[in-house]
């Protein structure tokens, strides 16, 4: 009977050691998952910041593009006015030289 009780105690202790080992493995796994989740959250935050920065850069680039287009239109208008007045001036000079 004592032998049977001793074997039963050993089985209980073996089972307890096995359960403790399993518990430690689960704790390690849980800790690794927490670390992984934390890394993912940090990466997500970084990506969100990068996305926001990219959107701001695109917005700024679009503003600069619009300003460049406005300047180009102004230069084109000025250039055509210059050509027009040059043409008128040339006609005026031509008429005064040869029409008299």
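FYI, it's all coordinate maths here, none of it is from the lab. Quick caveat, the model's predicted, so the values are computed rather than measured. Virtual Cβ from ideal backbone geometry, glycine too; neighbours counted across all protein chains shown.
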### Query
Calculated from DSSP H runs of 4 or more alone, at -39500 (n - 2.57) each and per residue, what is the 222 nm mean residue ellipticity of the chain, nearest 500?
-37500 deg cm²/dmol
#### Entry: Spatial separation of Cα centroids for region 67-89 and region 1-56, in angstrom
73 Å
### Query
Dimensions of the chain along principal axes (Cα, Å, largest first)?
145, 14, 8
### Query
Hey, with R₀ at 35 Å, roughly what FRET efficiency would residue 49 and residue 72 work out to, going by the Cβ-Cβ distance, to 0.05?
0.50
### Query
Which angle between 0 and 90 degrees, to the nearest 10, do you get for helix 2-98 versus the longest principal axis of the chain when only C-alpha atoms count?
0 degrees
### Task
Could you work out how far apart the two model spin labels at residue 19 and residue 6 are, taking each label as a point 7 Å from the Cα in the direction of the beta carbon, and quote it in nm?
2.4 nm
